[in-house]
Amino acid sequence: MSETTGKYGLPLKVEFCKRCTMNNQRPSSTVEFKQKANEKKRTLAFDEEGVCEACRYAEKKRTIDWSERNLELEELCNRFRRDDGRYDVVVPGSGGKDSIQAAHLLKYKYNMNPILVTWPPAIYTKIGRQNFDAWLNAGFANYTYNQNRKLHRFLTKSAFENLGHPFQPFILGQKNLAPRLSVLLDIPLVIFGENEAEYGNAIEDNEKPTRDSKYFTSKDAISDLVLGGIPAIDLLNDFGFKLSDLEAYFPVKPEAIEKTGTEVHYLGYYVKWHPQEAYYYSVENSDFQPNFHRTEGSFSKYSSLDDKIDWLHYHTTTIKFGIGRATYDTAQEIRNGDITREEGVALVKRFDGEFPEQYIQDCCDYMGISLQRYHDVIEKFRSPHLWKKVNGKWELTQPIWATK
């Protein structure tokens, strides 16, 4: 901790974007297979007018010639499309609105032959499993990698206890599986839906159509890789796991990617991406359904529905960074012009940081811990500059609704 930064390297002074509800505590994406407990985060940057990178990119999107981008997508598809009807593009996902739209557009508008690949949730929700089936029922085949459940459970618990990040094992596979299967299946084109950078990574990450290879490839030896906050070499030597168990969580070797000629693209670079429109598209072109109720911690019914661990993920981001699901959702809806900033602030005040009552016991049972253990662990990761106790209850020291 320095005079200007606190835990995780977060700025001690909380600053909010002048346009959306996000603040300078939001961490950028990290290289998950290198993440350690003491890692310092790159956080959302603001310009001299107090506007965040994500809002600036949303502004820039309004000036993009999307017809020109469509031509670029057609050229990309023409370059990789096979003329014998075999699969020619890998589309990762688990049946959410974004992956449904991506697969459907590529197959039915751009005449590609997508094979779907899924790194499944640790604990499927009922609606998540239903929407996964709807994805396949819309006319697609799928490879699902069912992880070694003993290992995945162990890594989920370890990531929670060591990093305050129970979602990390899912993210590892989500980023690594599609490029890995691209190599194994000899299908050199991978297309994800939207670029995570739209939500607050460095703005230059949005300037290209491809995912930065540092997130899914590495020349590092096993001795340099870390999973769930535990060195991979220790998982092999001290915890009894085998290389075959761990390999799916590891990045792909660059030489394998080069041999196949794998390219990992974002459809959101070529097609104007809008969460609500993705939802409407998915409902119109499949049996995708929103949840039956509002998602805890937010006002939405159609985002991040499939994994019960997701509820814990947003709770831990609240504890660590003071940012919950409603902040993420409102910030994006403000940028897209769906709600005003004033409305967003009201929604954050009402819903952000709700305790994940609905699935907390299922998640604790999955990790093999008690609810008391969950509370004890979570306190290790609370950022002291963001929280204070008032009458025995934790409150944010610098909430957005108290700023001018």
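The values are calculated or read from the model by the stated rules, or taken from the named source; none is laboratory data. Only a predicted model underlies this, so the values are computations on that prediction, with no experimental measurement involved. Positions of Cβ are backbone-derived with ideal geometry, glycine not excepted, and every protein chain shown enters the neighbour counts. Please note that ligands, DNA and RNA were not included when accessible areas were found on the heavy atoms of the full protein model with its side chains. Shrake-Rupley method; radii C 1.70, N 1.55, O 1.52, S 1.80 Å.
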| note | Within the range 28-65, of all residues that are over 19 Å from the mean Cα position of the chain (by Cα) and over 24 Å from Lys13 (Cβ atoms), the one surrounded by the most Cβ atoms within 10 Å (Cβ to Cβ) is Lys61
| message | Return the residues of the range 135-177 that are of a type outside the set (S, T, N, Q), under 16 Å from Ala232 (Cα atoms) and open to solvent by less than 20 Å² (accessible area, probe 1.4 Å); say none if nothing qualifies. | response | Leu151, His152, Leu155, Ala159, Leu163, Pro169, Leu172, Gly173
| request: Kindly indicate which of Leu225, Leu235 is open to solvent by less than 10 Å² (accessible area, probe 1.4 Å), out of contact with any His (no Cβ under 8 Å at 6 or more places or on another chain), at pLDDT 95 or above and not hydroxyl-bearing (Ser, Thr, Tyr). | output: Leu235
| request: Go over the candidates Gly85, Gly95 one by one and state the one that is assigned to a loop (DSSP other than H, G, I, E, B), within 23 Å of Leu73 (Cβ to Cβ) and in contact with a Phe, Trp or Tyr (Cβ under 8 Å, 6 or more places away or on another chain). | output: Gly95
| task | Could you list, in sequence order, all residues of the range 238-262 that are without any contact (Cβ under 8 Å) to a residue 60 or more places away in the chain and either under 19 Å from Gln147 (Cβ atoms) or open to solvent by 30 Å² or more (accessible area, probe 1.4 Å) (or both)? | result | Asp238, Gly240, Lys242, Leu243, Ser244, Glu247, Lys253, Glu255, Glu258
| Being under 30 Å from Leu151 (Cα atoms) and surrounded by fewer than 12 Cβ atoms within 10 Å (Cβ to Cβ), is that true of even one residue in the range 384-391? | no
| remark: Here the qualifying pairs (Cβ atoms under 9 Å; residues six or more apart or on different chains; first in the range 48-61 and assigned to a loop (DSSP other than H, G, I, E, B); second open to solvent by 10 Å² or more (accessible area, probe 1.4 Å) and not acidic (Asp, Glu)) come out as Glu49/Lys18; Gly50/Phe16; Gly50/Lys18; Gly50/Arg19; Val51/Lys18; Val51/Arg19
| request: Could you tell me which residue of the range 185-222 is modelled with the lowest pLDDT, considering only residues that are more than 25 Å from Gln276 (Cβ to Cβ) and hydrophobic (A, V, I, L, M, F, W, C)? | output: Ala202
